[in-house]
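J.: Below is one structure. I have some questions about it.
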Amino acid sequence: MRLLVLVVLAATLMVVDARFDTLKPVRSQLGLVLTPFYWLADLPVRIWDGVNQQFSSRSELLAENEKLKAEALLMQRRLQKLAALTEQNVRLRELLNSAALVDEKVLVGELIGVDPNPFTHRILIDKGERDGVFLGQPVLDARGLMGQVVEVMPYSARVLLLTDTTHSIPVQVNRNGLRAIAVGTGNPERLELRHVADTADVKEGDLLVSSGMGQRFPAGYPVAVVSEVIHDSGQPFAIVRAVPTAALNRTRYMLMVFSDPRSPEQRASEAAQAQEAHDRQLAEQAKKQDAKPSAEAAPAPAPAQPARPAPASAGGAR
């Protein structure tokens, strides 16, 4: 009977609650009273979800952190590569500008090795005998002379730098033409001028260029800039130190110069002969065109054109 009464009561309450609004205040009060019980009943589930989310979030964060670190390393590598390519582009542009300034034929080479001996300033380049490189060939970068080829192999060559203690080069002061000999000191940042008179007109900041004496280095290429001049009244010679204009310990690309072995007189004579032969050829072509009869003449003959005089030879014009 009790069970039946309770079932009937429950069914009645559900019908009344569904059809009428009479029990709304009662339901609100019961919800307020039962809220702590709901919270306590749901507490284990919420604790489990929180712990699970905490561990999963930590693992996800760790994985994401590792991924971001890897991406950062890749981006740094690409950035370094881009910076290197940018610097390489700048150096190549400087080198091309330098190549445009020289009159001789040049060949671009790349540094592939450095002599490990600290007392020898030599480098290895990727051009050799197969590329036409020869012993004694001048080597320069975008700023000035670097040295000369001292050993040639089929696909590579060794270059002796200006700063090596066994190297010397005849130079002259660009300001007044004073000649001297610049020798290496073993320091990649310094050259010295030997046997310069104490009264010689050499000043700090003077540009030293190759004089062309010795027929090894072409004349007029920058070699160094005077950095220090020490005068000693008790010594017959002054101490003159200079800084090379070329970036000897930083350059990666360089130029190998193929100088013209002919003297200026020979070059001028050959140029005059070539011009004279060209003028004679033009004169002969003009004579042939004037002497050639017209195969298709018009009904009314055109007045004959006077013969074109032959141009004077190059030697006579000069």
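The values are calculated or read from the model by the stated rules, or taken from the named source; none is laboratory data. As the structure is a computational prediction, the values presented were derived from the model and not from experiment. Positions of Cβ are generated from backbone atoms using ideal geometry, with glycine treated the same way; all protein chains shown enter the neighbour counts.
J.: Looking only at segment 131-149, how many residues end up being surrounded by fewer than 17 Cβ atoms within 10 Å (Cβ to Cβ), closer than 16 Å to residue 121 by Cα and either hydrophobic (A, V, I, L, M, F, W, C) or under 23 Å from the mean Cα position of the chain (by Cα) (or both)?
T.: 0
J.: Taking the residues in segment 134-158 that are assigned to a loop (DSSP other than H, G, I, E, B) and closer than 26 Å to residue 208 by Cα as candidates, determine which candidate is modelled with the lowest pLDDT. Can you show your working first?
T.: First pass over segment 134-158, keeping only residues assigned to a loop (DSSP other than H, G, I, E, B): 134-137, 141-144, 153-156.
Now narrow it down to the ones that are closer than 26 Å to residue 208 by Cα: 134-137, 141-144.
Working: 134: 91, 135: 91, 136: 90, 137: 91, 141: 86, 142: 82, 143: 85, 144: 87.
So the residue we want is 142.
J.: The conditions are (1) at pLDDT 80 or above; (2) closer than 14 Å to residue 252 by Cα; (3) part of a helix (DSSP H, G or I), and residue 109 fails exactly one of them. Which is it?
T.: (3)
J.: Might you let me know whether segment 223-242 holds any residue that is at pLDDT 85 or above and hydroxyl-bearing (Ser, Thr, Tyr)?
T.: Yes, that holds for at least one residue.
J.: Also: Take residue 191 and decide whether it is buried (at least 18 other Cβ atoms within 10 Å of the Cβ), under 25 Å from residue 151 (Cα atoms) and either acidic (Asp, Glu) or within 40 Å of the chain's Cα centre (by Cα) (or both).
T.: Answer is yes for this residue.
J.: If the Cβ limit is 7 Å and pairs must be 6+ apart or interchain, which residue in segment 115-131 that is polar (S, T, N, Q) pairs with which residue that is in a loop (DSSP other than H, G, I, E, B) and modelled with pLDDT under 90?
T.: none
J.: Give the residues of segment 198-209 that are among the small types (Gly, Ala, Ser) and modelled with pLDDT of 90 or more, sorted by residue number.
T.: From segment 198-209, those among the small types (Gly, Ala, Ser) are 200, 205; that's our starting set.
The answer is 205, and nothing else.
J.: Same structure, new question: Could you tell me which numbered condition residue 175 fails, if it satisfies all but one of (1) of a type outside the set (A, V, I, L, M); (2) closer than 30 Å to residue 232 by Cβ; (3) modelled with pLDDT of 90 or more?
T.: (3)
J.: Residues 196, 209, 257, 226: which one is more than 33 Å from the chain's Cα centre (by Cα) and surrounded by 19 or more Cβ atoms within 10 Å (Cβ to Cβ)? It would help to see each step written out before you state the result.
T.: Numbers: 209 fails: more than 33 Å from the chain's Cα centre (by Cα); 257 fails: more than 33 Å from the chain's Cα centre (by Cα); 226 fails: more than 33 Å from the chain's Cα centre (by Cα).
Only one candidate passes the filter, namely 196.
J.: Please work out if residue 239 is free of Cβ contacts under 8 Å to residues at least 12 places away in the same chain, in the same structural domain as residue 168 (by the TED database) and over 26 Å from residue 125 (Cα atoms). Working first, answer last.
T.: Working: free of Cβ contacts under 8 Å to residues at least 12 places away in the same chain: no; in the same structural domain as residue 168 (by the TED database): yes; over 26 Å from residue 125 (Cα atoms): yes.
In short, no.
J.: Quick check on my filter: what residues within segment 106-130 are of a type in the set (D, E, K, R) and surrounded by fewer than 22 Cβ atoms within 10 Å (Cβ to Cβ)?
T.: The initial filter retains those residues of segment 106-130 that are of a type in the set (D, E, K, R), namely 110, 115, 122, 126-127, 129-130.
Correct list: 110, 115, 122, 126, 129, 130.
J.: Can you tell which of 156, 210, 168 is closer than 25 Å to residue 255 by Cβ, touching a Phe, Trp or Tyr at 6+ places or on another chain (Cβ under 6 Å), of a type in the set (S, T, N, Q) and in contact (Cβ under 8 Å) with a residue 12 or more places away in the chain? Explain how you work it out, then say what you get.
T.: On the way: 156 fails: touching a Phe, Trp or Tyr at 6+ places or on another chain (Cβ under 6 Å); 168 fails: touching a Phe, Trp or Tyr at 6+ places or on another chain (Cβ under 6 Å).
Going through 156, 210, 168 in turn, just one is closer than 25 Å to residue 255 by Cβ, touching a Phe, Trp or Tyr at 6+ places or on another chain (Cβ under 6 Å), of a type in the set (S, T, N, Q) and in contact (Cβ under 8 Å) with a residue 12 or more places away in the chain: 210.
J.: Residue pairs, Cβ under 6 Å, 6 or more apart or interchain, first in segment 182-199 and part of a loop (DSSP other than H, G, I, E, B), second among the basic types (Lys, Arg). List them.
T.: Qualifying pairs under 6 Å: 190/241.
J.: Of all residues being aliphatic (A, V, I, L, M) and not in a strand (DSSP E or B) in segment 216-251, which is nearest to residue 173 (Cα to Cα)? Just the residue, please.
T.: Residues of segment 216-251 aliphatic (A, V, I, L, M): 219, 223-226, 229-230, 238-240, 242-243, 246-248.
Now drop any that are not not in a strand (DSSP E or B), which leaves 219, 246-248.
Details: 219: 12, 246: 17, 247: 20, 248: 21 Å.
Step by step, filter segment 216-251, then rank; the result is 219.
Residue-wise test of (1) outside the structural domain of residue 157 (by the TED database); (2) among the β-branched types (Val, Ile, Thr); (3) modelled with pLDDT of 75 or more.
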position: 5; (1), (2), (3): yes, yes, yes
position: 8; (1), (2), (3): yes, yes, yes
position: 11; (1), (2), (3): yes, no, yes
position: 14; (1), (2), (3): yes, no, yes
position: 50; (1), (2), (3): yes, no, yes
position: 66; (1), (2), (3): yes, no, yes
position: 71; (1), (2), (3): yes, no, yes
position: 74; (1), (2), (3): yes, no, no
position: 88; (1), (2), (3): yes, no, no
